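Report on the structure given below.
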Amino acid sequence: MINAVVMAGGSGTRLWPLSRAGHPKQFLALNGEDTMLQATMKRLESLNIESSVTICNEEHRFFVAEQLREINKLGSIILEPVGRNTAPAIALAAFVAEGDPLLLVLAADHVIQDESAFTQAVTEAIPLAEAGKLVTFGVVPNEPHTGYGYIKKGVKYGVGFKVDHFVEKPSIDLAQNYIESGDYLWNSGMFLFKASRYLEELQKFRPDIFEICKLAADSVEADLDFVRIKKEKFLECPSDSIDYAVMEKTDDSVVVAMDAGWSDIGSWSSLWDISEKDENGNVLHGDVLLHETNNSFIRTDKTITN
């Protein structure tokens with residue numbers, strides 16, 4: 001049984017002014033007719049997903065509910081009283097899950113252009129996760145990108161590799177060396193593991209986060225479509241990413257390569273990279289007039305009038 005855990009709490013301010021704290025990029029249609037959140041949910045249709053939970057903050061709860069209802073994929077919505085990064089957010093989802101499902105952890109603001117390759121990578125990783133490994137998906141790099149973290153592959157392990165180590169965003173020269181070596185993958189921030197295994201490793205390496213999230217998730221309150229966490233307890237939780245809290249410390253991390261046209265659209269240039277362009281390399285949205293313009297991203301919601 002697989003539960004999808006979709007994290008939709010980011011602010012997306014690097015795509016300002018289109019993406020803003022009050023209306024971040026995961027709730028915008030940047031690469032097609034669906035919003036990024038809707039596209040993420042639809043991407044799961046070819047997998048055997050038992051249920052889904054979306055994690056967001058209080059301010060965005062109605063965006064999430066409305067957009068998921070539009071595509072008939074509402075599921076559960078956990079409201080974080082305050083943002084505390086990915087390690088606590090995933091812990092909340094693990095604590096409220098029924099039974100001990102596999103958790104497929106995804107960000108709501110990623111683009112996957114080859115959905116069949118995405119499905120294949122996740123499907124191939126299931127036996128590893130069922131065996132107790134904590135699987136992360138490493139994107140096959142196509143350029144020496146300095147905006148992503150990297151994962152160095154260790155020894156072969158099933159369809160994947162033991163994680164040798166994680167690397168922070170490198171310099172361009174170091175990134176070029178990584179690409180040429182063939183030993184590194186981009187860190188996608190997507191994961192697959194048993195809920196119990198994640199909690200076991202979190203308790204081992206960050207017992208403070210484990211205990212606070214456990215207490216915060218006890219006796220959760222249902223409020224219409226939303227699951228409310230105990231605010232007064234969760235406010236005490238330290239902020240930490242799953243990478244720092246668990247994945248860099250555990251001996252059971254495995255990386256599975258994914259070559260699926262992935263992007264986290266962290267900048268206007270990355271959005272230009274994945275968008276359809278005209279003969280002059282321009283990406284156009286809306287009513288636009290051009291004069292001697294090349295390799296530009298131009299978007300407007302306004303209509304040109306005489």
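Rule-based calculations on the coordinates, nothing more; no lab input. All values reported here derive from a predicted model rather than from experimental measurement. Here the Cβ is made from the backbone with ideal geometry for all residues, glycine too, and neighbour counts use every protein chain on show.
Under 10 Å, Cα contacts only: if you run a Gaussian network model on the chain, which one of PRO101, PRO207, PRO88 comes out with the highest mean-square fluctuation? Per the Cα network of the chain with a 10 Å cutoff, PRO207 tops the list. Relative to its Kirkwood radius, the Cα radius of gyration of segment 116-236 gives an Rg/Rh of 1.07.
Counting only DSSP beta bridges with both residues in the chain, what percent are antiparallel, rounded to the nearest 5?
Working: 25 of 54 bridges.
So the antiparallel bridges in the chain amount to around 45 percent.
Just to be sure I follow the definition: excluding the sites themselves, where is the longest run in the chain that has none of the GluC sites (Glu not before Pro) in a DSSP loop with at most 15 other Cβ atoms within 10 Å? No qualifying site falls inside 99-167, the longest such stretch. Among the listed pairs LYS42/LYS204; LYS25/LYS194; LYS153/LYS231; LYS156/LYS231; LYS152/LYS194, which have their C-alpha atoms separated by more than 32 angstrom in this model? Beyond 32 Å: LYS42/LYS204; LYS153/LYS231; LYS156/LYS231. Across the chain, Cα pairs under 8 Å and at least six residues apart give a relative contact order of 21 percent. Is the C-alpha gyration tensor of the chain telling us rounded, prolate or oblate? Criteria: a/c under 1.5 is rounded; beyond that, a/b larger than b/c is prolate, otherwise oblate. Here the chain falls in the oblate category.
Segment 70-145 and segment 228-266 have Cα centres spaced 10 Å apart.
Of LEU30, LEU192, LEU79, the residue with the greatest mean-square motion in the GNM of the chain, using alpha carbon springs below 10 Å, is LEU30. Using the rule -39500 (n - 2.57) for each DSSP H run of four or more residues, divided by the residues of the chain, the 222 nm mean residue ellipticity is -8000 deg cm²/dmol.
Could you grab the relative contact order for segment 108-185? Cα pairs under 8 Å, six or more apart, rounded to a whole percent.
On the way: 79 pairs, mean separation 21.7, N = 78.
Relative contact order of segment 108-185: 28 percent.
Residues whose amide H comes within less than 5 Å of that of SER253, counting only those at least five positions distant or on another chain, are LEU134, VAL163 (H built at 1.01 Å from N in the peptide plane).
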